[in-house]
Amino acid sequence: MAPKPCIHFQSNNCRKGKKCAYTHVIDSNFKRKACTHFANGKCRFGDQCTYSHAPEDIALLKATLGSSGTETRHGKSVSTEAQFKEWRYNIPLPDRVATARPLGPARTKFCQQALELVDGEACVERVRGGKESSCTGEGYMWAQGLSIMYHDPLSVFVCTYTVLQEVVTLLASEGGCLRVRELAAQDFAQLPPKQYTRIFEAQLLPFFKVITHKNVDSSLILTPRLMTLYNIVYGENGDRAVRLFTAAAEHLSAMSLMKFGDVETVDQSNAEAIETTLAVMDKLVEVNTNAMVHDELKAVVATIRTIFDQPLPASAAFAFKPALRYLRRIEQRLGLGQTIPHTEDDTKTTGGRAFFELACERPGELSDDGPRHDNDHVDIRQISILPSLQEIQSPRVEYLPLADPREWHIGGLRGLLDRHFRLLREDTVGQLRDAAKLELERLHDPKAHGRKRQGTRTFVYCNVAVSNLAFDSYSGMEFALSFDQPRELQGKSERQRHDWWDGSKRLGHEALICLLSSEGCATFFIVSPAPLRPKKDFETGAPIEPLHKTYNLWSEEERAHVIAKPVNQPDMYSLLDQLMGGFTEQLSLVEFPGVLLPAFKPTLQAMQTMSNTLDVPFLEAVDLGPPNYATKPGFRYNLSAVTKSGKQLHLTPARNTELMTAELTSHSTLDYSQAHAVVSSLSRSLALIQGPPGTGKSYTGVQLIKILLDNKKASLERLVDEGVQNVVRIGGSSKSERLADVNLRAVVQRLDLTKTEKSDRYELTKKVEMEAKEINSILSQMAQLGSETSLSAYLLAFYPEMHTQLFGGVDEDGWQTVDYNRDGILEKWIGAAHWGNGRPRTLNVLRDVPITHMTGQERRIMHAAWIGDMREELQDKLHTAIDGYNKLKKQLDAIRSELELRVLRQANIVGITTSGLARHLDLIRRTGAKVILCEEAGEVLESHLLTALLPSVEHAILIGDHQQLRPQVQNYSLSCESKNGAQYALDVSLFERLVQPQDALAQSLPYCTLTVQRRMHPQISQLVRRTLYPLLQDAPALDRPPVVGMRDRLFWLDHKHRENQDGDAAISDSRTNDHEVNIVAALVKHLVHQGVYTSEDIAVITPYLGQLRKISAKLSSTFNIVLNDRDEVDLHKEGIDNFGDDTAPAGPVRHTSVVRGSLLQAIRIATIDNFQGEEAKVVVVSLVRSNAKNNPGFLKTSNRINVLLSRAKNGMYIIGNGDTMSQVEMWADVMQIFKQDHCFGPTLQLCCPRHEDTPLEVAIPEDFLRLAPEAGCARSCRALHEGLHKAQSWMYPQLQETVWRSVRSSLP
């Protein structure tokens, strides 16, 4: 792998020159920060400046800091800084808090200035050129996974953020808390109503606005400071909060919701006061658990509820929705109102049909036999994500909720979350549990080694030992685990071992592994990657050697080493205890290839959190009306972003859908069904769009995004002709180089830290490094536990008299015992006395007995007690140090997350997958997303989509097709395809459940279906139109060219050759068919040699991974094989990384012809399940299954058949046994269509481009060579053959089709 470009070289600042380990080339992806001195016209470094002087960067900096004529200092305008200095003088320093005088009347100015500084009104004025501008715009997001709407203009946010942080930080300081206490502790009950009104409006309300400001409330770095302020407001036992909010509730209840004398107009100032007060109370109850049982606070909430006793006028409904949302949430937390049904009575409904009800096992304590193990609980919030040892060893079957809500042990939303948590955990963690159980059984009974393993594939490494351990300030505790090198590497050189490990992808970054012991121990680890750059000691600057520099997988001939860190902290302590005691049992290491903890753990944790908060949109009822933001009086969508020539066209939610659809169709490039989907989606808070194959689901989604973006406020006028700006992608590396610069990590690197962040980061980094050094010191002491040196130090500190007696020293009389042979003092002392005949004295007595007066038995007891005390002391120190490190590391990570949050707030569009959203859930929640758009919703597990429904979401648009592939699950027995799995139906997406409920009592939601397909030739599209989509139409003038070299564009080559009986021995539970492998290879070569198809034009698809491997191996000698990422991952899970023939050397060796990319002669090969959303001009299908039982296997479901039949644009050729497939109703219908078109039979007709009338019928692979040796025919074609013969004599095969094309075009 080539070294990366040097980041210092990009800034003209690399001091290592030619000795630098990185390349000194210009990196086009590197973005330098703008120079603030150059922006002010006074940079003295000129071209040598390490910061950017580029005009676009300087313009952005000026827009961020203010107008170009404004001098700046530390990112703040001079006027703002002066205002901040004046305000902070009111907060006493820590040493003057005791003598500080109350603010008195100055409290009003203090509170109002704080609000001005946090709100940044002066900065808004400057950036906007003196014009009013709102900070409440909306933003959106688009990705293959999700799309989300966001708030906040870029310039306003960045300009005021430093001041905002400093204001809240000072308020949370000792002096600031004094001022907050003064404000909240006033005797409001004694104030006359008018005086209280003045104090509420001038002091309390501004303070409430400060602590509920969206940038304050969502800030990660300010969270601990904000908690301090709420605790001050709450006071001891909540008395201060009761007095404060009792007065506020009485004041608010006396307010008029509508303007005086105008019953149709909302009093906005009163509405804002009610909303702000309720927002403070909501947060107060959330952060103080005692508030949930405070009766006086419940009385306060009851008083506020009276404000809304009378029905609100229609004109006021929108204005008071936020306040009512806060009120309902407070009532829910205080137990005043239950908006969510959660009793079994709510879900147990019976119809008139008789049925036999089997007894259903319950979870945890509800089970008739009691809990199954220590991780079996009724409440999913108490369940550990990874299995415990008892769970692994448990013989009982886990509790799995059925799809029928009437069978759940808990109803409502909590029951829905409970069901999906348990099923998703069984689908992911269940396979790990079962594999670990098998290996534990093998350790207990070596004869079980030959037993066949079912379920997930694993790699087992034997004779494991812990070679070393260390604590890293970034990664935490890391262990160096050693084990025997695999048998494939015996006798190999170091280079060969390195290549084998590198090519196998085993034990790669974040791989999940489990350490098992024969005595019954299970510890899960994830493989820790080597640090990207060398680390240095924070204080001395000395280099710190990581474990990775000493230990690796390939250096030693007999042993391999992997560096890993425990997943759970309690497991780490348990493992350390065992290390201190010394391992005596046999250890094994189990790797789960392709299973990554971040792929499922965040989603499971998110559902546990949601089960606690129950904060999910669309909860009370599925509201098919317009989204909340669209109910604002006077709101209408501007559709000109998608109309021709920007024609003005507006949509109000109340407008007739059919008329609006017709108008939009006539003025845009959308067809009628697409226009109807757009109009309908904008008019519904929960919109569903079904997109059959080739109907433009993605295109429709893009049009929706363009409309939503165009309807944002003035802060998003930066849209340029090429597309939307400020796009951010969250996630790992992307195939698209165009997205590299907008990856969240890349954008964050260009962002400057505020003064508070810089200070906090420096202090926290220093403390984290010190804690890490202390932990490593404790680990070093643990390693020396029991040595004479450690014992001498311990006795000297706690038992100095015993230390003097044992190791010598000056006694009370001044005498010193000298031993010139100090080696083995401890052993000599233990063995110097006889064992003793009587019963040994107790430890308490022995501590006062001279050590020379103890018997041999007592000396051993005393020695064991010293070691035990030392061990407990070190363990206590380690627990305390690691706990301190965790707290500091969390605060340090919050600074990085704060920068990420700042970027997300500035983004117009953010792209993220559902699993990525779960991983960053806390961060995304703080953005206040209002709109979510999910593409391919039919392929997303309901659990993943549930976690994506953020509390702030008001508008959800799901685009998918429930008649194509369902979500993929690991455990077949949980899917609808399994006879037993239908009762669980884990692979039924939320999209499918909403449009096609399985519960007969449930009502389906209305949805729009796109009806015009633009992909398939009509002869191909009829296969799905006549079987699944009766309303599907072909786009006008959809004319596809015929397939070159073939007589028909559509054909089913029927055969009777049986599938291989043993399947693919290398891949469990897979199927292969050698006859079809050879036919596919011959047909593909024939098509490629026509010379008209590129690497993207031909695709081979098959239902089985084993067949994919064999086809790839067959074609890899001639073509470059292009696999998609999902198929590569699936092959890696099965341990298959080479596509050579069966005689290839043992061990996974990466084949040189397997590449990602477009080459002159490349073929795409994929499994059907991983080809949805893809298309090709010509598709060749290998069905594989051909058996006496006529078992079609995976191809019995219409969803998979649908995808298979709808990928081809110009032509499709199916190779398979018709008798085997005819047992499936849809296949029978499809074959009937083939037969009606005379496109079904035992022979396939080729076509010579030069002699089209020559009959060429092939049935077996040899027929291609016999009848079409040069991809044409056997008839004389002199000029063509001579040209090709010359080409073959000196050119590589990759160029033959190019020559073929040029020679053929020159013929008359």
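The values are calculated or read from the model by the stated rules, or taken from the named source; none is laboratory data. What you see is a predicted model, and the numbers here were worked out from it, not measured in a lab. A quick note on method: Cβ atoms are made from the backbone with ideal geometry, for glycine too, and the neighbour counts reach across all protein chains shown. Calculation scope for accessible area: heavy atoms of the full protein, side chains included, ligands and nucleic acids excluded. Shrake-Rupley method; radii C 1.70, N 1.55, O 1.52, S 1.80 Å.
Show GLU1257, GLU391, GLU488 ordered by accessible area, largest first, where the area counts protein heavy atoms only and the probe is 1.4 Å.
GLU1257, GLU488, GLU391
Rounded, prolate or oblate for the range 1160-1282? Axes are the square roots of the Cα gyration tensor eigenvalues, ordered a ≥ b ≥ c, and the cut-off for rounded is a/c under 1.5.
The shape class here is prolate.
Over 29 Å between C-alpha atoms is what I'm after, so list which of LYS505/LYS889; LYS298/LYS321; LYS298/LYS632 land there.
Long pairs (Cα-Cα over 29 Å): LYS505/LYS889; LYS298/LYS632.
Provide Rg over Rh for the range 838-933; use the alpha carbon set for both Rg and the Kirkwood Rh (inverse mean inverse pair distance).
Computed over Cα atoms, the ratio is 1.51.
Would you pull out the residues with amide H under 5 Å of LEU686's amide H, same chain only if 5 or more places away, H placed 1.01 Å from N?
ALA956
Going down the table (LYS1056/LYS1085; LYS549/LYS773; LYS697/LYS1110; LYS1085/LYS1209; LYS194/LYS283), which pairs top 25 Å between alpha carbons?
LYS697/LYS1110; LYS194/LYS283
What spacing in nm lies between the two simple spin-label points modelled at ASN40 and TYR89, each 7 Å away from Cα in the Cβ direction?
In this crude spin-label approximation the distance works out to 2.4 nm.
Let's test the formula: R0 of 56 Å, r as the Cβ-Cβ distance of GLU182 and ASP484. What FRET efficiency results, to the nearest 0.05?
0.20
Mind listing the long-range amide H neighbours of ALA1035? Cut-off is under 5 Å, sequence gap 5 or more, other chains count too, H placed in the peptide plane at 1.01 Å from N.
GLN1013
First select every other residue whose beta carbon is under 12 angstrom from the beta carbon of HIS879; then total the charges, Lys and Arg +1, Asp and Glu -1.
-4
Of LYS16/LYS887; LYS644/LYS930; LYS565/LYS758; LYS42/LYS535, which pairs sit farther than 31 Å apart, going by alpha carbon to alpha carbon?
Among LYS16/LYS887; LYS644/LYS930; LYS565/LYS758; LYS42/LYS535, the Cα-Cα distance tops 31 Å for LYS16/LYS887; LYS42/LYS535.
What FRET efficiency would be calculated for the residue pair ASP445, TYR699, taking the C-beta separation as r and a Förster radius of 56 Å, to the nearest 0.05?
Computed FRET efficiency for ASP445 and TYR699: 0.40.
ASP741 to ALA106: extension gain in nm, 0.36 nm per residue of separation minus the Cα-Cα distance?
Taking 0.36 nm per residue and subtracting the Cα distance, the gain is 223.7 nm.
Please state the shape class of the range 163-208: rounded when a/c is under 1.5, otherwise prolate if a/b exceeds b/c and oblate if not, all from the C-alpha gyration tensor.
Here the range 163-208 falls in the oblate category.
Please report the accessible area of MET607 (heavy atoms, 1.4 Å probe, ligands and nucleic acids excluded) in Å², nearest 10.
MET607 has an accessible surface of roughly 0 Å² with all protein chains in place.
For ARG1250 and LYS33 in the same chain, what is the full-extension length gain: residue separation times 0.36 nm, less their Cα-Cα distance, in nm?
Result for the pair: 431.9 nm of gain on full extension.
If the chain between ALA1037 and GLU1262 were fully stretched, how many nm would it gain, using 0.36 nm times the residue separation less the Cα-Cα distance?
Full extension from ALA1037 to GLU1262 adds 77.1 nm.
Cβ under 13 Å from LEU579's Cβ, LEU579 left aside: what net charge do those residues give with Lys, Arg +1 and Asp, Glu -1?
-2
Relative to a virtual label point 7 Å from the Cα of THR652 in the Cα→beta-carbon direction, which members of the range 261-300 show backbone nitrogen distances below 20 Å?
Counting backbone N atoms under 20 Å from the label point, the list is 264-266.
As an exercise, use a Förster radius of 22 Å and the Cβ-Cβ distance of GLN586 and THR550 to find the FRET efficiency, rounded to the nearest 0.05.
Rounded to the nearest 0.05, the efficiency is 0.30.
According to a simple spin-label model (label point 7 Å from Cα along Cα-to-Cβ), what is the distance in nm between LEU785 and LYS18?
5.4
With label points built 7 Å along Cα→Cβ from the Cα atoms of GLN268 and GLU763, find their separation and express it in nm.
4.0
Short version: ³J(HN,Hα) in whole Hz for each residue of the range 1162-1175, in order, from phi by Karplus 6.51 cos²θ - 1.76 cosθ + 1.60 (θ = phi - 60°), x for Gly and Pro, what are they?
Per-residue couplings from phi come out as 10, 10, 8, 10, 8, 7, 4, 5, 10, 10, 5, x, 9, 7 Hz.
Name all residues of the range 278-319 having a backbone nitrogen under 19 Å from the label point set 7 Å from the Cα of ASP615 along its Cα→Cβ direction, giving them as ranges.
It comes to 278-293, nothing else.
Quick one: accessible area per residue over the range 879-986, 1.4 Å probe, rounded to a whole number of Å²?
In whole numbers, the range 879-986 has 30 Å² accessible per residue.
Please list, ordered by chain and number, the residues whose modelled amide H lies under 5 Å from the amide H of PHE1240; skip anything fewer than 5 residues away on the same chain.
Residues meeting the criterion, in which the H sits 1.01 Å from N, are TRP1052.
May I ask you to give the percent of accessible area on the range 387-532 that is carbon plus sulfur, with a probe radius of 1.4 Å?
48
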